[in-house]
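Below is one structure, written out as structure tokens, with a few remarks after it.
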């Protein structure tokens, strides 16, 4: 019962991520699905948690936006050298948008953050158990 089958080709973050990290994230999800099959209440609670779970895109974009604004303001008001971190952020965002990889994405994946497709796959797999 692998709910993530077929995501490798469609999920650009999983495609460019570590196979070991992807396997660890998938194994955790499978454990939760097995528990949900045995405990319908757990499935309902888990669905509520999934509604609040941040995906990796959100976890990358919100801090980058804040840091980008700070770097821009500091670069315009204080010292032009602050524009270099802003340029690096723009490069990271471009790489992430184009291929699904940037240095912060590697760290966030190791911390266990999942893609929207992974979260949605777990939600879809939980629905029959929650209805029981």
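The values are calculated or read from the model by the stated rules, or taken from the named source; none is laboratory data. Being a predicted model, the structure only gives us computed values, none of them experimental. Neighbour counts are summed over all protein chains in view; Cβ atoms, including those assigned to glycine, are modelled from backbone coordinates with ideal geometry.
Could you please let me know if residue 85 is surrounded by 12 or more Cβ atoms within 10 Å (Cβ to Cβ), more than 25 Å from residue 28 (Cα to Cα) and not assigned by TED's automatic domain parsing to the domain that holds residue 18? Judged against the criteria, residue 85 is a match. Just a yes or no: is a residue in the range 61-68 surrounded by fewer than 16 Cβ atoms within 10 Å (Cβ to Cβ) and closer than 17 Å to residue 12 by Cα? The answer is yes, given that some residue of the range 61-68 is surrounded by fewer than 16 Cβ atoms within 10 Å (Cβ to Cβ) and closer than 17 Å to residue 12 by Cα. If you go through the range 34-74 and pick out every residue that is in a helix (DSSP H, G or I), in contact (Cβ under 8 Å) with a residue 40 or more places away in the chain and under 16 Å from residue 114 (Cα atoms), you end up with 7. Annotation: of all residues in the range 114-132 being in a helix (DSSP H, G or I) and over 18 Å from the mean Cα position of the chain (by Cα), the one that is farthest from residue 11 (Cα to Cα) is 131. Would you check if residue 52 is surrounded by fewer than 14 Cβ atoms within 10 Å (Cβ to Cβ) and over 21 Å from residue 12 (Cα atoms)? Judged against the criteria, residue 52 is a match.
With respect to (1) in contact with a helix residue (DSSP H, G or I) (Cβ under 6 Å, 6 or more places away or on another chain); (2) crowded, with 18+ Cβ neighbours inside 10 Å, the lone exception for residue 118 is condition (1). The set of residues in the range 28-49 being under 14 Å from residue 121 (Cβ atoms) and under 18 Å from the mean Cα position of the chain (by Cα) consists of 28, 29, 30, 32, 46, 47. The selection criterion, being in contact (Cβ under 8 Å) with a residue 40 or more places away in the chain, within 18 Å of residue 11 (Cβ to Cβ), surrounded by 11 or more Cβ atoms within 10 Å (Cβ to Cβ) and not assigned by TED's automatic domain parsing to the domain that holds residue 11, holds for residue 99.
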